[in-house]
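Asker: Sharing a structure here in structure tokens format.
Throughout, read-outs are computed from the coordinates displayed, never taken from laboratory work. Remember, predicted model here, so these are calculated numbers, not experimental data. Positions of Cβ are generated from backbone atoms using ideal geometry, with glycine treated the same way; all protein chains shown enter the neighbour counts.
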Amino acid sequence: MSLLIVGTVAFDGIETPFGKVDKILGGSATYIGISASYFNKKSNLISVVGGDFLESDINLLQKHGIDCTGLEIIPEEKTFFWSGKYHENMNLRDTLETHLNVLEKFDPKVPEKYQNCKYLMLANLMPSIQLETIKKLHTTPKLIVTDTMNYWMDNCLEDLKQVIAYTNVLIINDEEALQLSQKTNLTDAAVKIQSMGPSSLIIKKGEDGALLFSNEKVFECPSFYVSKCMDPTGAGDTFAGAFIGHLNNTDDLSFENMKIGVVKACAMASFCVESFGVNNIINKKSAEIKDRIKALQQKTLLN
């Protein structure tokens with residue numbers, strides 16, 4: 001199968017109660033591509049960076065089977081940068097700086113060899129760019145998975161609704177599900193959101209795991225307990241990467257197989273929060289990943 005990931009490749013500055021990093025590799029597509037690589041050998045990337053982006057970081061992406069032909073480099077400009085500070089309750093954070101830089105005028109280009117993509121992962125990104133990518137594909141992918149956030153709901157709702165109409169699986173968190181649906185509980189929210197286009201919906205609940213809604217069926221997966229959450233940045237993207245990587249590799253869109261994808265997604269997200277940035281999702285041993293997947297499978301009674 002052919003997996004195409006469209007999203008940000010960026011630098012982040014992060015401060016949590018456990019430490020601080022001023023500039024570290026980040027971006028939604030970065031986390032997704034690395035996470036997907038443990039379940040799917042190859043993926044293609046569409047993104048943009050500036051002349052300040054490090055060759056070593058490109059090498060890291062390629063090491064994880066990510067084809068960077070679609071990574072546009074604009075030498076005279078700077079890479080997208082975000083910085084934030086997390087509170088003691090790390091469900092809460094303050095954005096300190098956002099510099100769109102190269103992202104401000106980004107016009108996604110789809111290389112010819114990406115045109116045959118069967119699985120399209122629209123990472124958390126401006127809905128207008130997500131929409132433009134869909135329109136530039138010659139054929140409709142077998143599956144479109146979209147990740148988004150409340151910022152786009154607040155500022156680009158009409159564009160986002162158009163993207164959602166094309167989407168097969170939407171991934172959002174519980175607060176965003178209630179905001180998007182304008183409902184007061186997640187069950188009603190799921191029904192409303194699925195009426196907007198997606199046949200399946202995944203609602204992330206942070207430390208409480210995730211819910212999968214599809215074909216009037218519901219599956220709940222708990223999170224994997226970690227003793228210390230050092231940095232939650234990118235955990236949702238890591239979740240999405242494992243899910244789409246599993247689906248692309250198995251080419252099975254049944255509810256039962258999506259359940260397995262959600263379990264793998266929760267397992268990978270648990271690694272992400274244990275260190276800053278992508279540090280704890282690079283170079284993972286397959287045995288470690290399998291152990292966490294097995295533990296969650298036992299909790300959910302999945303074989």
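Asker: Note down the relative contact order for the chain as a percent, whole number, built from C-alpha pairs under 8 angstrom at least six residues apart.
Answerer: 18 percent
Asker: Shifting gears a bit: May I ask what percent, to the nearest 5, of DSSP beta bridges between residues of the range 1-95 are antiparallel?
Answerer: 40 percent
Asker: Now for a separate question. Give, rounded to the nearest 20 debye, the magnitude of the charge dipole that the chain has about its Cα centre when Lys and Arg contribute +1 at Cβ and Asp and Glu contribute -1 at Cβ.
Answerer: With Lys and Arg at +1 and Asp and Glu at -1, about 1040 debye.
Asker: Amide H of residue 2 versus every other amide H placed in the peptide plane: which residues, excluding those fewer than 5 positions away on the same chain, fall under 5 Å?
Answerer: Those qualifying (amide H under 5 Å, at least 5 residues apart or on another chain) are 118, 119.
Asker: Can you give the convex hull volume per residue for the Cα atoms of the chain, as a whole number of Å³?
Answerer: It comes to 121 Å³ per residue, whole-number rounded.
Asker: Return the long-range amide H neighbours of residue 70 (sequence gap of 5 or more, or a different chain), with a cut-off of under 5 Å between placed amide H atoms.
Answerer: Amide H to amide H, under 5 Å and 5 or more residues apart or across chains, residue 70 pairs with 45.
Asker: What does DSSP give for the chain in terms of the percent of beta bridges that are antiparallel, rounded to the nearest 5?
Answerer: Once the DSSP bridges in the chain are tallied, antiparallel ones form about 40 percent.
Asker: I've got another one for you. For the range 92-103, take each phi angle, set θ = phi - 60°, evaluate the Karplus expression 6.51 cos²θ - 1.76 cosθ + 1.60, and give the result in whole Hz per residue in order, putting x for glycine and proline.
Answerer: 10, 8, 10, 7, 8, 8, 9, 10, 4, 6, 4, 6
Asker: A further question follows. Go through 187, 278, 248 and say which Cα lies farthest out towards the positive end of the charge dipole of the chain; charges sit on Cβ, +1 for Lys and Arg, -1 for Asp and Glu.
Answerer: Sorting the options by dipole projection puts first 248.
Asker: When ranked by the protection proxy of mean other Cβ atoms within 10 Å per residue, highest first, what sequence do the peptides 100-108, 119-127, 183-191 form?
Answerer: Ranked by mean Cβ neighbours within 10 Å, highest first: 119-127, 100-108, 183-191.
Asker: Continuing with this model, one more query. How large is the charge dipole for the range 110-189, taken about the Cα centre, if only the Cβ atoms of Lys, Arg (+1) and Asp, Glu (-1) carry charge, to the nearest 20 debye?
Answerer: 500 debye
Asker: Give me the distance between the Cα centres of the range 112-159 and the range 222-241, rounded to whole Å.
Answerer: 24 Å
Asker: Here's a follow-up. Provide the net charge surrounding residue 230, with neighbours chosen by a C-beta distance below 15 Å and charges set as Lys +1, Arg +1, Asp -1, Glu -1.
Answerer: That works out to -2.
Asker: Show that you can apply the helix-only estimate: for the chain, add -39,500 (n - 2.57) for every DSSP H stretch of four or more residues, divide by all residues, and state [θ] at 222 nm to the nearest 500.
Answerer: -11000 deg cm²/dmol
Asker: Another question, then. Under a point spin-label approximation (7 Å from Cα along Cα-to-Cβ), what is the residue 69-residue 88 distance to one decimal in nm?
Answerer: 5.3 nm
Asker: Still on this model: Can you tell me the dipole magnitude for the range 184-303 around its Cα centre, using point charges on the Cβ only (Lys, Arg +1; Asp, Glu -1), in Debye to the nearest 20?
Answerer: Computed about the Cα centre, the dipole is about 240 debye.
Asker: For the range 112-118, in order, what is each residue's ³J(HN,Hα) by Karplus, 6.51 cos²θ - 1.76 cosθ + 1.60 with θ = phi - 60°, in whole Hz (x at glycine and Pro)?
Answerer: Going residue by residue, I get 4, 6, 8, 5, 8, 4, 9 Hz, with x marking Gly and Pro.
Asker: At residue 76 and residue 100, where each label point lies 7 Å from the Cα along Cα→Cβ, what is the point-to-point distance in nanometres?
Answerer: In this crude label model, residue 76 to residue 100 measures out at 1.9 nm.
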